[in-house]
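Let me give you the structure first, and then I'll get to my questions.
The values are calculated or read from the model by the stated rules, or taken from the named source; none is laboratory data. No experiment lies behind these values; they were computed from the predicted model shown. Neighbour counts run over all protein chains shown; Cβ positions are idealised from the backbone, glycine included.
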Amino acid sequence: MRRQRLWEVFLYEHLKIEWSKIYELACSLEHATAPEVTNALAAFLGNPKTCPRGNPIPAADGSFVPLDGITLGEAAVGDKLRIAAVNATSTDVLKYLQDRKILPGSEVTVLEAAPLQGPLTIGVGGKEVALGLQIADFVLVSPKPSLE
């Protein structure tokens, strides 16, 4: 997991690879990465705490602070939230979310939840987006900080 997520950071921040493609590319690289390369990569990147998908990067000893939040599919209508992480690994799903600006750090509002496992409608970036619950469950959210 550490090697995978460090490669995601490198590919995204330094090689400017498209967000939706980095998971798959990093997966290939991590299998051919020796421990000393992993440590050097971490140092080169400044020991980042999260990958571009918002997930924690374990320390060299394997420890990490798990993310706190709920899936977007668990949110209630009216909730104003910030996307903490995206746990999808399929390039198609990541591209779908990227195209709709459903990315870590984005602010969303749950507008509607259709009955019988129907779609979830959210407001993001000034647009309404309908997501199936299966995709919404890949998106980890936390309450949007208030300005009070």
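Can you name the residue in the stretch 132-148 that is in a strand (DSSP E or B) and modelled with pLDDT under 95 and, of all such residues, is surrounded by the fewest Cβ atoms within 10 Å (Cβ to Cβ)?
Initially, the stretch 132-148 is screened for residues in a strand (DSSP E or B), giving 139-143.
From the residues that got through so far, the ones that are modelled with pLDDT under 95 too are 142-143.
Working: S142: 14, P143: 12.
In this case the residue turns out to be P143.
Shifting gears a bit: Would a scan of the stretch 31-53 turn up a residue that is closer than 15 Å to D137 by Cα and surrounded by 19 or more Cβ atoms within 10 Å (Cβ to Cβ)?
yes
Taking only the stretch 29-48 into account, find how many residues are under 19 Å from the mean Cα position of the chain (by Cα) and at pLDDT 95 or above. Talk me through it step by step, then tell me what you get.
Restricting attention to the stretch 29-48, the residues satisfying the condition of being under 19 Å from the mean Cα position of the chain (by Cα) are 30, 45, 47-48.
Next, from what is left, pick out any that are at pLDDT 95 or above: 45, 47-48.
Number of matching residues: 3.
While we're on this one: Six or more apart or on different chains, Cβ atoms under 8 Å: show the pairs whose first residue is in the stretch 88-117 and touching a residue at least 60 places away in the same chain (Cβ under 8 Å) and whose second is among the acidic types (D, E).
T89/E24; T91/E24; Q98/E18
Here are the criteria: (1) touching a Lys or Arg at 6+ places or on another chain (Cβ under 8 Å); (2) at negative phi. Tell me which single one I102 does not satisfy.
Exception for I102: condition (1).
Hey, can you tell me all the residues within the stretch 1-20 that are among the basic types (K, R), farther than 16 Å from P104 by Cβ and in a helix (DSSP H, G or I)? Working first, answer last.
So the first thing to find is which residues in the stretch 1-20 are among the basic types (K, R), and the list is 2-3, 5, 16.
Restricting the remaining residues to those that are farther than 16 Å from P104 by Cβ gives 2-3, 16.
Matches in the stretch 1-20: R2, R3.
Among the residues of the stretch 75-92, how many are in contact with a helix residue (DSSP H, G or I) (Cβ under 7 Å, 6 or more places away or on another chain), closer than 16 Å to L120 by Cβ and modelled with pLDDT under 95?
1
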